[in-house]
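Visitor: Once you've had a glance at the structure underneath, I'll fire off some questions.
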Amino acid sequence: MHGLINRVIHRYILEKYGAATWRRVARRAGVQPPRFEGLQRSPDRVTRRLICHLVRLSQQEERRVLRDLGQFAVSHPAAAPYVQLLRFGGAGYAGFLGSLEDLPVRLQMLLPGGEVPDFEVAQTDVGRFYLICRSNLSGFGSGLVGLLEGMAEIYETPADIQHLARVEGRQTCDLLSVQLLAEQGRTTGMLAANCGAAV
């Protein structure tokens, strides 16, 4: 999984800051050669170093940088095969969210033997979802917020996505909420109509 994340960081720095800056960041992070081929695995520490250097470079908070990376990961044209994999589980955004629990199986097909995040998804109300994500990369939840925002744009489904909590342990556990805004407006309209009918 870290190999995929490193490729996203690589493309992001190249496009935003240029090749010379990427070579400098790669050298400082100990990436040799200064590129990532295919789906090669990479140690956690390399990913962590790249993120730290990118945070310094951008002069923004880490959570903001990771959120931007998550959006970039699904919006870049080169990400089309991975977006197709993400969309495999559902015709709409709600279906996509519901299929996230099956995503580790699909990722294992792409990255046999690699470490992949684990998801639990619960729908508690019309258009309201809660996600629990367990991963071995601290800060993954912030990147996931950006990825979910990017996928909402792809599905053309307005959504409010919040990172509610993060617990660090043997793994990092992140809790997110997703509210589909169209469903929220529809529910509010129905309640208002029912209230008017009752008067």
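The values are calculated or read from the model by the stated rules, or taken from the named source; none is laboratory data. Note that the coordinates shown come from a computational prediction; the quantities given were computed from them, not determined experimentally. Side chains are part of the model used for accessible areas, which takes the heavy atoms of the whole protein and leaves out ligands, DNA and RNA. Shrake-Rupley method; radii C 1.70, N 1.55, O 1.52, S 1.80 Å.
Visitor: As an exercise, find the ratio Rg/Rh for the stretch 38-163 from alpha-carbon atoms, using the Kirkwood inverse-distance average for Rh. Can you show the working numbers first?
Guide: Numbers: Rg = 14.7 Å, Rh = 15.4 Å.
Reported Rg/Rh (Cα atoms, Kirkwood Rh): 0.95.
Visitor: Oh, and also: Working out 0.36 nm times the residue gap between residue 120 and residue 44, then minus their Cα-Cα distance, what length gain in nm do you get to one decimal?
Guide: Values: separation 76, 0.36 × 76 = 27.36 nm, distance 2.34 nm.
Computed gain between residue 120 and residue 44 is 25.0 nm.
Visitor: Rank 151, 109 by accessible area, highest first, at a 1.4 Å probe radius? Can you show the working numbers first?
Guide: On the way: 151 0, 109 150 Å².
So, going from the largest accessible area down, we get 109, 151.
Visitor: Give me the accessible area of residue 99, 1.4 Å probe, in Å² rounded to the nearest 10.
Guide: Near enough 10 Å² of accessible area.
Visitor: Taking amide H positions as placed 1.01 Å from N in the peptide plane, with prolines and chain starts having none, which residues 5 or more places from residue 159, or on another chain, fall under 5 Å of its amide H?
Guide: 181
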